[in-house]
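Accompanying notes for the structure given below.
The values are calculated or read from the model by the stated rules, or taken from the named source; none is laboratory data. Quick caveat: nothing in here was measured; it's all calculated off a predicted structure. Here the Cβ positions follow ideal geometry from the backbone for every residue, glycine too, while neighbour counts run over all protein chains shown.
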Amino acid sequence: MKLELRALEKTYATRQGVTPALLPTSFTVESGEFVSLIGPSGCGKSTTLYLVAGLEPATGGEILLGGRPVTKPGRDRGMVFQNYTLFPWLTVRQNVRFSLGLARNRRPDPYSREAVHDSERADSLLELLGLADFGDAYPRELSGGMKQRVAIVRALVNRPQLLLMDEPFGALDAQTREELQEMMLLLQEHERTTILFVTHDIDEALFLSSRILVFSPRPGRIVQDLAVPFGVGRELDLKLSPEFLRLKRELFGLLHHHHAPARDRDALLRRLVHAHDRRSSAPPAISHP
Amino acid sequence: MKSAASVRPSWFSIRQPVPTWAYRTVALLTFLTLLAVWQWVSTRPSTNAIFVPTPARVVQIGRDLLHDAEFWSDVKMSFLRVTYGFLLSAALALPLGLLMGSFHLGEALIQPVTEFIRYIPVPALIPILMIVFGIGELSKVMLIFIGTFFQLVLMVADETRRVPFELVQVSYTLGARRDEVVNRVLLRAAMPGIFDAMRLCHGWAWSYVIVAELVAANEGLGYRILKFSRFLQTPKIWFYLLVLGVIGLALDFAFRVVGRRLFTWADTTKR
């Protein structure tokens, strides 16, 4: 379903006064798109996600999902967090079915075709992600990668119109992360869910997205709207292709040219070296430029 | 330089586990040492046997008491008072603490007044309790209730607040209503901690029942200790004290076993 942000804005009141977290930002995500928000930490990309989820109130602007304004969290917008947010007292299967038992989602007749279908859907998603043998395990028995798979299945069981993902693979090791990226592509092709994905990993954004929005450092605004031309059926070795690397270089330049100049750093290093010199006659292992 | 394989935590490493047999041996040794000190003190010629009887004498007296119906009725009375007082306090502290831990307004409603009452020493309330509730069972149960409730309700609230906020947020995105977040998520997630708080409060309830019985009662372990002291029957006092220790230990153990059974999902590394 189409998502529209119109001049969305967020400021926080702090002791120093009003701090902007997100400057007025507008963009549109078409149905079925996989859009990544990328930028340095504190640029407001996660804030945007929490605003769209309805978990935090915006200070200005509006969010429209399928033409209807978003005011509070709801089952139409599933969310996967960076930290594992599984319910530790429920088994994997119970976690995945948690939403099915809630008053808003519950089927009036537990034996109706819809109810059986929901339940089968939960099971087949678990199977698809290689979790079939862990249905009765508790979250503490799972690895980080598995926990995150369960969290993704749990968010998808409800068939959300929009899936929000906040650095979902950020805490995983490089190999597990790539496994889950491939899995995400598979799910996206299969489910056609519209996805808004926050990351600071350029490779991840390029590999997964159909579009990338690049944020400037705090207070954030969008400095680039990049269409990713790779289409469907992506494989991991795409990350080595010249086109991929070219786009990666372009994004790298965008993300790093805002950095504060490093000229002060030399002076600071020199002071550090002098501090060493004064204490001992042996020169420290830092070469002078 | 030593190879990695030879790096083994010693028994004196901070927070490193020791073998079970070593743990138990040390625990047993502490008890035996205390017993030995007792034996030594009680057999010194300068010690008055009336004040400090020998362990053997206490065991002998205790064996007689175990066949005495009065002893068992004392245990029963104290146990019932603790149980009623504690159940009443748990039944009220659980919902109120959950309310306090979930909603800031709930906190404002209950917390400040609770903090205030908590600092009134419970024994100071005994005269008032006796005037209001009489000298019967009710005043004792109320003393235990007041002694534990105001502590427990704060602990329940704390445990509720300790539940990661992400669990609340994720529940909302899955379509949960506010009451479902409180009942199905916050309560469930806080339950192991709440259960542990109940275990601690139950221990305090035993202190308050003795206080209550020392002041005004016709039976119960505390009352009997006071009566023994009037007649200088110190071996019996010592035996009753040992019984109180054993009851406390046994109930604490029972709480732990039940807790471990109920909350198999919780992280077992944090005890």
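Can you find even one residue in the range B:163-184 that is in contact with a strand residue (DSSP E or B) (Cβ under 8 Å, 6 or more places away or on another chain), of a type in the set (Ser, Thr, Tyr) and either exposed (fewer than 15 other Cβ atoms within 10 Å of the Cβ) or within 30 Å of A:Asn83 (Cβ to Cβ) (or both)?
Yes: one or more hits.
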task = Go through B:Gln169, B:Gln151 for me and flag whichever is assigned to a helix (DSSP H, G or I) and within 14 Å of chain A (Cβ to nearest Cβ).
result = B:Gln169
key: Within the range B:53-102, tally of residues that are outside any helix (DSSP H, G or I) and more than 28 Å from the chain's Cα centre (by Cα)   = 2
inquiry  = Can you report the number of residues in the range A:93-149 which are over 26 Å from B:Gln169 (Cβ atoms) and polar (S, T, N, Q)?
reply    = 2
query = Given the range A:148-226, what strands (runs of 3 or more DSSP E) lie entirely inside it while holding 1 or more residues that are away from every other protein chain (no Cβ under 14 Å)?
reply = A:194-199, A:211-215
task = Among residues belonging to the range A:66-111 that are within 13 Å of chain B (Cβ to nearest Cβ) and touching a strand residue (DSSP E or B) at 6+ places or on another chain (Cβ under 6 Å), point out the one that is nearest to B:Phe165 (Cα to Cα).
result = A:Phe81
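For the range A:105-147, which residues satisfy the criterion of being part of a helix (DSSP H, G or I), of a type in the set (S, T, N, Q) and under 20 Å from A:Val80 (Cα atoms)?
A:Ser124
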key: Selection within the range B:154-166 - out of contact with any Phe, Trp or Tyr (no Cβ under 6 Å at 6 or more places or on another chain), part of a helix (DSSP H, G or I) and within 13 Å of chain A (Cβ to nearest Cβ)   = B:Phe165
inquiry  = Filter the range A:1-15 down to the residues that are out of contact with any strand residue (DSSP E or B) (no Cβ under 7 Å at 6 or more places or on another chain) and part of a strand (DSSP E or B) and list them by number.
reply    = A:Ala13, A:Thr14
query = Can B:Met191 be described as within 14 Å of chain A (Cβ to nearest Cβ), modelled with pLDDT of 95 or more, under 22 Å from the mean Cα position of the chain (by Cα) and surrounded by 15 or more Cβ atoms within 10 Å (Cβ to Cβ)?
reply = yes
query = Since B:Val26 meets every condition but one in (1) exposed (fewer than 13 other Cβ atoms within 10 Å of the Cβ); (2) within 30 Å of B:Met142 (Cβ to Cβ); (3) modelled with pLDDT of 95 or more, which condition does it not meet?
reply = (2)
task = Search the range B:103-117 for residues being in contact (Cβ under 8 Å) with a residue 12 or more places away in the chain and surrounded by 15 or more Cβ atoms within 10 Å (Cβ to Cβ), and hand back the single one that is nearest to B:Phe145 (Cα to Cα).
result = B:Thr114
